[in-house]
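Trainee: Take a look at the following structure, please.
The values are calculated or read from the model by the stated rules, or taken from the named source; none is laboratory data. Nothing here was measured: the structure is a model prediction, and the numbers come from that model. For neighbour counting, all protein chains shown are included, and Cβ atoms are generated from backbone atoms with ideal geometry for every residue, glycine included.
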Amino acid sequence: MATEILLIEDHPDNRDMLARRLTRIGYTVHTAVNGEEGVQAVYDRPPELILMDVSMPIMDGIEATRHIKSDPDYQHIPIIGISGHTLSEERERMFAAGANDYTHKPIDFNKLSICIKQWLSH
């Protein structure tokens, strides 16, 4: 059975591209379009890893990460924050919310793939 990844990303092109590429290398990918939908997806079907966009409507990635990491049943799930912003404050806020790692857009897929493998091996 393939490793399940939840990709929470509001931009359809980014979401589709990442989902296709991750599927091609063997992961099962589920998607959500905002933080609120992503938190519910975790409760409905806990993934083994979460890729979390930081800037999203309804509930941003920082708040969604905080919700997930505050629940003892789900806090073990690694969360990798993804952002198009280069502000160090945003990165710090994402880590403070409980993210395990962080990367910038445009995404270097090879680096992201290595990062995913490292977190899944913990």
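Trainee: Out of segment 105-122, which residues are surrounded by fewer than 12 Cβ atoms within 10 Å (Cβ to Cβ) and of a type outside the set (Gly, Ala, Ser)? Write out each step before concluding.
Mentor: Start the filter on segment 105-122 by keeping residues that are surrounded by fewer than 12 Cβ atoms within 10 Å (Cβ to Cβ), which leaves 106, 110-111, 114, 121-122.
Hits for segment 105-122 are Pro106, Asn110, Lys111, Ile114, His122.
Trainee: Given the residues Thr103, Thr65, Thr28, Thr3, which is the only one that is modelled with pLDDT under 95, of a type in the set (S, T, N, Q) and closer than 22 Å to Ser121 by Cβ? Can you show your working first?
Mentor: Numbers: Thr65 fails: modelled with pLDDT under 95; Thr28 fails: modelled with pLDDT under 95; Thr3 fails: modelled with pLDDT under 95.
Being modelled with pLDDT under 95, of a type in the set (S, T, N, Q) and closer than 22 Å to Ser121 by Cβ holds for just one of Thr103, Thr65, Thr28, Thr3, which is Thr103.
So that you can scan it fast, the table gives a plain yes or no per residue for (1) crowded, with 18+ Cβ neighbours inside 10 Å; (2) in contact (Cβ under 8 Å) with a residue 40 or more places away in the chain:
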residue	(1), (2)
Ile8	yes, yes
Gly35	yes, no
Tyr43	no, no
Met52	yes, yes
Arg66	yes, no
Thr103	no, no
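Trainee: Which residues, counting only those in segment 10-33, are out of contact with any Ser or Thr (no Cβ under 7 Å at 6 or more places or on another chain), part of a helix (DSSP H, G or I) and crowded, with 18+ Cβ neighbours inside 10 Å?
Mentor: If the condition is that a residue be out of contact with any Ser or Thr (no Cβ under 7 Å at 6 or more places or on another chain), part of a helix (DSSP H, G or I) and crowded, with 18+ Cβ neighbours inside 10 Å, then Leu18, Leu22 are the ones that fit.
Trainee: Let me ask something else about it. (1) buried (at least 19 other Cβ atoms within 10 Å of the Cβ); (2) at pLDDT 95 or above: which one isn't true of His76, the others all being true?
Mentor: (1)
Trainee: Kindly indicate which of Thr23, Thr65, Thr28, Thr3 is among the hydroxyl-bearing types (Ser, Thr, Tyr) and within 13 Å of the chain's Cα centre (by Cα).
Mentor: Numbers: Thr23 fails: within 13 Å of the chain's Cα centre (by Cα); Thr28 fails: within 13 Å of the chain's Cα centre (by Cα); Thr3 fails: within 13 Å of the chain's Cα centre (by Cα).
The conditions single out Thr65.
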